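All remarks here apply to the structure that follows.
The values are calculated or read from the model by the stated rules, or taken from the named source; none is laboratory data. If you're wondering where the values come from, they're calculated on a predicted model, not measured in any experiment. Cβ placement follows ideal geometry from the backbone for every residue including glycine, while neighbour counts extend to all protein chains displayed.
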Amino acid sequence: MFEKQRNNRLQQLINTQRRIMAILGHDTRGPLFYINWMIRSMMDGSSKPGELQENFEIISNQLDSTLIMIEDLLDWSRVNILNATNDEHLFAVREMVDELFASLKNMADKKEVELCNEISEAMIGRCHERIVRFVLRNLLVNSIKFTQHGTVKVNAFTARHALHFIITDSGVGMSAVQVQQILKAQGNSTMGTADEKGAGLGMLLIHEFLQQINGKIEVESLPGKGTTISITIPVN
């Protein structure tokens, strides 16, 4: 039985690695070539003076997306190398979300998105903090990506030996087809409200991590009505 579980886990990692390589091959070259082309255009004077600020904003957005993707890959590697699925300990839940908000403040400020932490200061979690942090960061990035002049709220509660997170945004929302693609980690990257480019890597790794710890994700959304995502993390 143990041998079968180990082989299944190994095959799962191989399949995930293949999908990661496919995403990297498709979605990293474009932004980097585009950034290189824009910089060369500004250097040789072919860009008009009035276009410089717009060009810098586009380059900044492209770099933000690329850096997020690199962070995702590094986090995924750390968790699997360090076997973080067995690393359960106590942590302050609200404090962790405050730290995530601080790291995403510049991204949210650019789009005039208010980040609201509604978690009780007394809430303590005992589970896989590294994985929880990764999952929440990626979901928050997506919420900000698809929200303009709005809000992103995070709340949490414990019930039935699980830690539940609820992320609600006032963004553009999704169709029923898009929701199903998210739940199956099959969706392609979609441009954000400020033309942010994403590789679709975050959702793939979220599903990978949640599967490792028997977690669950649920999505409720309507076009133009925002999105609510619920995450369930088993706790001891």
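Going by what's in this entry, would PHE157 be described as surrounded by 16 or more Cβ atoms within 10 Å (Cβ to Cβ), at pLDDT 90 or above and aromatic (Phe, Trp, Tyr)? Before the answer, list the steps.
Working: surrounded by 16 or more Cβ atoms within 10 Å (Cβ to Cβ): no; at pLDDT 90 or above: yes; aromatic (Phe, Trp, Tyr): yes.
No, not satisfied.
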*Only one residue in GLU99, GLU112 is in a loop (DSSP other than H, G, I, E, B) and either within 18 Å of the chain's Cα centre (by Cα) or farther than 17 Å from ASN155 by Cβ (or both). Which one?*
GLU112
*Any idea which residue in segment 117-138 is surrounded by the most Cβ atoms within 10 Å (Cβ to Cβ), counting only those that are under 12 Å from ILE233 (Cα atoms) and more than 20 Å from the chain's Cα centre (by Cα)?*
GLY125
*If a residue has to be in a strand (DSSP E or B), acidic (Asp, Glu) and over 15 Å from SER175 (Cβ atoms) to count, how many in segment 204-236 make the cut?*
1
_Odd one out for LYS153 among (1) farther than 21 Å from PHE209 by Cβ; (2) not in a strand (DSSP E or B)_ = (2)
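Picking from ILE182, ILE167, ILE144, ILE119, which residue would you name as being modelled with pLDDT under 85 and under 18 Å from THR228 (Cβ atoms)? Show your work before the answer.
On the way: ILE167 fails: modelled with pLDDT under 85; ILE144 fails: modelled with pLDDT under 85; ILE119 fails: modelled with pLDDT under 85.
Just one listed residue meets the conditions, ILE182.
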*Cβ-Cβ below 9 Å, separation at least six or inter-chain, first residue in segment 159-180 and closer than 19 Å to ARG137 by Cα, second assigned to a helix (DSSP H, G or I) and among the basic types (Lys, Arg): which pairs?*
GLY171/LYS145
